[in-house]
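Novice: So that we are looking at the same thing, I have put the structure below in structure tokens.
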């Protein structure tokens with residue numbers, strides 16, 4: 001059974017080992033999510049500790065997908081914005097462990113994130129993803145609008161430039 005949960009700061013800290021496993025698996029699998037190979041659990045820990053602190057401050061909403069009690073997916077909403085953007089949030093780091101793909105976790109995580117962002121007064125979400133990646137195909141199926149592509153925006157984890165495709169979705 002799949003469970004989607006919004007974590008508080010204490011739960012986020014407790015989930016760090018599982019979150020590290022998911023992130024390392026995604027980077028090892030070639031996902032362009034900000035990190036370079038080789039990437040280890042030790043590399044991932046400071047990132048997730050910072051996310052947990054951001055959850056504690058209220059700047060980030062952290063969702064996890066659990067399958068049979070194990071965290072196998074996650075997504076974040078960057079809720080803290082500049083004063084002229086209180087209605088907007090950034091969807092960040094939709095990650096699903098390769099062993100759990102094809103089970104609908106990404107769709108469930110996205111739905112939960114969008115619903116919670118709307119409950120908190122957000123009306124528009126934005127995201128970017130590596131152009132040509134498997135992830136890029138997910139968002140249009142979930143109602144996201146493609147804005148455009150910026151070439152050479154980031155690097156693939158194994159090296160080499162990749163373009164990024166930007167999307168938005170009105171949620172209220």
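The values are calculated or read from the model by the stated rules, or taken from the named source; none is laboratory data. Note that the structure is a prediction, hence the values are computed from the model and not measured. Cβ: placed from backbone, ideal geometry, glycine included. Neighbour counts: every protein chain shown.
Novice: Mind listing whichever residues of the stretch 96-106 are without any contact (Cβ under 8 Å) to a residue 60 or more places away in the chain and in a loop (DSSP other than H, G, I, E, B)? Quick ask: steps written out before the conclusion?
Specialist: First pass over the stretch 96-106, keeping only residues without any contact (Cβ under 8 Å) to a residue 60 or more places away in the chain: 100-102, 106.
Correct list: 101, 102.
Novice: Kindly indicate whether residue 6 is surrounded by 19 or more Cβ atoms within 10 Å (Cβ to Cβ), touching a helix residue (DSSP H, G or I) at 6+ places or on another chain (Cβ under 7 Å) and modelled with pLDDT of 95 or more.
Specialist: Working: surrounded by 19 or more Cβ atoms within 10 Å (Cβ to Cβ): no; touching a helix residue (DSSP H, G or I) at 6+ places or on another chain (Cβ under 7 Å): yes; modelled with pLDDT of 95 or more: yes.
The answer is no for residue 6.
Novice: Can you tell me which residue in the stretch 136-165 is farthest from residue 38 (Cα to Cα), limited to those that are in a loop (DSSP other than H, G, I, E, B) and either free of Cβ contacts under 8 Å to residues at least 60 places away in the same chain or in contact with a helix residue (DSSP H, G or I) (Cβ under 8 Å, 6 or more places away or on another chain) (or both)? Steps first, please.
Specialist: Step one: of the stretch 136-165, the residues in a loop (DSSP other than H, G, I, E, B) are 142-144, 156-160.
Next cut, either free of Cβ contacts under 8 Å to residues at least 60 places away in the same chain or in contact with a helix residue (DSSP H, G or I) (Cβ under 8 Å, 6 or more places away or on another chain) (or both) only: 142-144, 157, 160.
Numbers: 142: 32, 143: 34, 144: 32, 157: 8, 160: 14 Å.
Selected residue: 143.
Novice: Condition first: assigned to a helix (DSSP H, G or I), surrounded by 14 or more Cβ atoms within 10 Å (Cβ to Cβ) and modelled with pLDDT of 95 or more. Can you find one or more residues in the stretch 81-88 that meet it?
Specialist: Initial filter on the stretch 81-88 (assigned to a helix (DSSP H, G or I)): none.
Taking every residue of the stretch 81-88 in turn, none turns out to be assigned to a helix (DSSP H, G or I), surrounded by 14 or more Cβ atoms within 10 Å (Cβ to Cβ) and modelled with pLDDT of 95 or more.
Novice: Six or more apart or on different chains, Cβ under 7 Å: which pairs go from a residue in the stretch 68-95 that's over 18 Å from residue 112 (Cα atoms) to one that's assigned to a strand (DSSP E or B)? Could you list them?
Specialist: Pairs that qualify, where the first residue is over 18 Å from residue 112 (Cα atoms) and the partner is assigned to a strand (DSSP E or B), are 81/88; 81/89.
Novice: Oh, and also: Considering 22, 55, 27, which residue is crowded, with 18+ Cβ neighbours inside 10 Å, part of a helix (DSSP H, G or I), touching a helix residue (DSSP H, G or I) at 6+ places or on another chain (Cβ under 7 Å) and modelled with pLDDT of 95 or more? Please lay out each step first, then the result.
Specialist: Working: 22 fails: touching a helix residue (DSSP H, G or I) at 6+ places or on another chain (Cβ under 7 Å); 27 fails: touching a helix residue (DSSP H, G or I) at 6+ places or on another chain (Cβ under 7 Å).
Of the residues listed, the single one that is crowded, with 18+ Cβ neighbours inside 10 Å, part of a helix (DSSP H, G or I), touching a helix residue (DSSP H, G or I) at 6+ places or on another chain (Cβ under 7 Å) and modelled with pLDDT of 95 or more is 55.
Conditions (1) in contact with a strand residue (DSSP E or B) (Cβ under 7 Å, 6 or more places away or on another chain); (2) at pLDDT below 95; (3) closer than 20 Å to residue 168 by Cα, marked per residue:
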position: 41; (1), (2), (3): no, no, no
position: 44; (1), (2), (3): no, no, no
position: 79; (1), (2), (3): yes, no, yes
position: 92; (1), (2), (3): yes, no, yes
position: 100; (1), (2), (3): yes, no, no
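Novice: Can you say whether residue 116 is in contact with a strand residue (DSSP E or B) (Cβ under 9 Å, 6 or more places away or on another chain), touching a residue at least 60 places away in the same chain (Cβ under 8 Å), assigned to a helix (DSSP H, G or I) and within 23 Å of residue 4 (Cβ to Cβ), as far as the supplied structure shows?
Specialist: Values: in contact with a strand residue (DSSP E or B) (Cβ under 9 Å, 6 or more places away or on another chain): yes; touching a residue at least 60 places away in the same chain (Cβ under 8 Å): yes; assigned to a helix (DSSP H, G or I): yes; within 23 Å of residue 4 (Cβ to Cβ): yes.
Yes, satisfied.
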